[in-house]
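Here the structure is laid out as structure tokens; the discussion comes afterwards.
The values are calculated or read from the model by the stated rules, or taken from the named source; none is laboratory data. These figures come from a predicted structure and were not determined experimentally. Note: ideal-geometry Cβ built from the backbone for every residue, glycine included; neighbour counts use all protein chains shown.
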Amino acid sequence: MEKNRPLVRTNPVSEEDEDFSDTRRVSMKALVENISLDRRCFLEIHHPGLTSISIELDKQDITIGRGSQCRIQLKVDNASRLHARLAYRDEEYHIEDMESTNGTFVNSVRIQRCVLRNNDHIQIGAAKVIFIEEEIRRKSK
């Protein structure tokens, strides 16, 4: 190979050749406005010393705590019997602390009540809970 010879050659594009396609521009909004999406939300629950579990959420309120009356029962001592409540309102999931002794934390911030977003990390005692939200394309009928 010659020493001064370039490895890659480029050809200049003239102004006449600038438009490479007759394709029409389409906005992203127009592209996806007729696609039906389903939304699924999960809680991924990590207990110290136990296998992690994933629970798909529905639109019913969910109580979280140490007590047997809770829909999600945590096996950690530093969670209150009725620690927090998850509620579906206005097409969003909200978490509310139920006056627990040790508090409920979302992304390391102690909360009284807040809206959950994808990949939010919830701390209840020693249990770590990840809120997962995904949108999937609805199957055509």
Fill in the blank from the handout: For strands (runs of 3 or more DSSP E) lying entirely in the stretch 46-141, having 1 or more residues that are surrounded by 15 or more Cβ atoms within 10 Å (Cβ to Cβ) picks out 62-65, 84-89, 92-97, 104-106, 109-111, 113-115, 120-124, 127-137
Practice task
Take the stretch 72-131 and flag every residue that is of a type in the set (D, E, K, R) and more than 16 Å from Ile55 (Cβ to Cβ).
Solution key: Asp77, Arg81, Arg89, Asp90, Glu91, Glu92, Glu96, Asp97, Glu99, Arg110, Arg113, Arg117
Problem - Residue count, the stretch 25-51 (criterion: in contact with an Asp or Glu (Cβ under 9 Å, 6 or more places away or on another chain) and either modelled with pLDDT of 85 or more or within 22 Å of Ala127 (Cα to Cα) (or both)) - result: 4
